[in-house]
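The values are calculated or read from the model by the stated rules, or taken from the named source; none is laboratory data. Bear in mind the structure is a predicted one, so any value in this text is a computation, not a measurement. Note that each Cβ is placed from the backbone with ideal geometry, even for glycine, and that neighbours are counted across all protein chains shown. Accessible surface areas use protein heavy atoms only, side chains included; no ligands, DNA or RNA. Shrake-Rupley method; radii C 1.70, N 1.55, O 1.52, S 1.80 Å.
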Amino acid sequence: MKNALILLAGGTGKRLNSKIPKQFLKIGNSNIIEYFLYNLDPKIFDIIVIAIDEKYKKKYSNSLKSKFHNHNIKFSKSGKTRQISSKNSLVYLKKFNPKKILIHDSARPLVSNKMIKKTLKLLDTNDSAIPFIESEDYIKTKNNYDLKNDRIFNIQTPQGFIYKKILKAHILNKDSNARDDSSLLEKNKTKIKMFKGEKYNIKITKKDDLIFFKKIQSKNFRHGIGYDIHKIDLTSKKKLILCGLKVNHKPLIGHSDADVGYHAICDSILGSLSLKDIGFYFSNKNPKWQNANSKIFMEFCYKKLKEKKFKIVNLDINFICESPNINKISYLMKNNISKILKISTKIISVKATTNEKIGLIGSGKAIAAEAIVQIVNE
Ligand code: ZN
């Protein structure tokens, strides 16, 4: 075996004042450790050992293994300190006998594959490869003592080592609270190879780091399409309802209020969330939904968006009908939609086309609507 990765995920997240350790904090659809694994090129490592507390192993190991089945993921027991976690994983790896090993903090999800590969490459000619960032800030100590900037380094991970060397350093070391793995090698008088890390490879430790991470994480955009058609009841004296608006026009026939606009919007939202169609949730066989106000269906879709932590980026609705004149009333429909879905009218479009007198719609016997929505994780 050539390359192994140890992912330290034993932290308890005390500094973030959260019940869940930071590496398992969910941001949008994924937690922090998952962000790292999503971005990691599966060709780099032959094995990944995640050092994890027994309690969290029970909770997360199955989902991590199935979500990232393209990685060879194993688990080892985390310890009370970073160093014990590291050592446990190194000992666990004995039977796999890797040549090179990278040890990484799972709270640094933003490291690039380029830097990971560079660390491994440096191990061709060095026993270790430790990334650092030079401080660019003006730094003073508490006693107002000026420090020269060129003497301040922030040490990052992943730290790369020749497996046998770092295993030996861990076994020889008696003090169990080293700051990182490279400091053990220094104690052992092994030469440390330093190289320039990546500024954005931050460690998520405090609330500010979380805010930064949320700001720069890649957005998960999704789209959904919806279509609906209802026949016009030419004999009824009731009014037509389009996107919650009562219109002076013959109404549509349907189990609910037959709001063809809202139905198309609902299906587009449900589609964008990979859910089933509106008929699945609000069956036209269920008497409960007879003459129902379709606003209820829209509110249901809004709830689903919130549950899955998505928001609408833009919504486009197109009616296909000979009448009524949609352009004249579109702003009122937009107002209704914006209130239910809690979005600005600026990102809603309501427009229409006729069917050029063709077919059922063209002869004024039916109205159809189509909608397309774009959503993004919050
Ligand atoms: Zn419908």
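Measuring between their Cα centroids, the range 234-259 and the range 288-367 lie 14 Å from each other. Accessible surface for the chain, divided over its residues, is 54 Å² per residue with a 1.4 Å probe. Ordering 331-341, 366-376 by mean Cβ neighbour count within 10 Å, with the highest value first, yields 366-376, 331-341. The local environment of Tyr60, defined by Cβ-Cβ distances under 13 Å, has a net charge of +4 under the rule Lys, Arg +1 and Asp, Glu -1. Overall, the range 3-217 carries a charge dipole of about 620 debye about its Cα centre when +1 sits on the Cβ of Lys and Arg and -1 on the Cβ of Asp and Glu, all other atoms neutral.
Highest mean packing first, where packing is the average number of other Cβ atoms within 10 Å per residue, the peptides 102-112, 219-229 line up as 102-112, 219-229. With respect to the cross-link table entries Lys55/Lys118; Lys231/Lys306; Lys59/Lys306; Lys77/Lys117; Lys58/Lys94, which display a Cα-Cα separation exceeding 28 Å? Over 28 Å apart, Cα to Cα: Lys55/Lys118; Lys231/Lys306. The DSSP beta bridges internal to the range 3-217 are antiparallel in roughly 40% of cases. Using a 1.4 angstrom probe on heavy atoms only, work out the carbon and sulfur share of the accessible area of the range 221-377 in %. Ligands and nucleic acids excluded, carbon and sulfur reach 53 percent.
With a 10 Å radius around each residue's Cβ, average the other Cβ atoms per peptide and rank 317-330, 188-201, highest first.
317-330, 188-201
Tell me, what % of the accessible area of the range 3-217 is carbon and sulfur with a 1.4 angstrom probe?
C and S fraction of accessible area: 50 percent.
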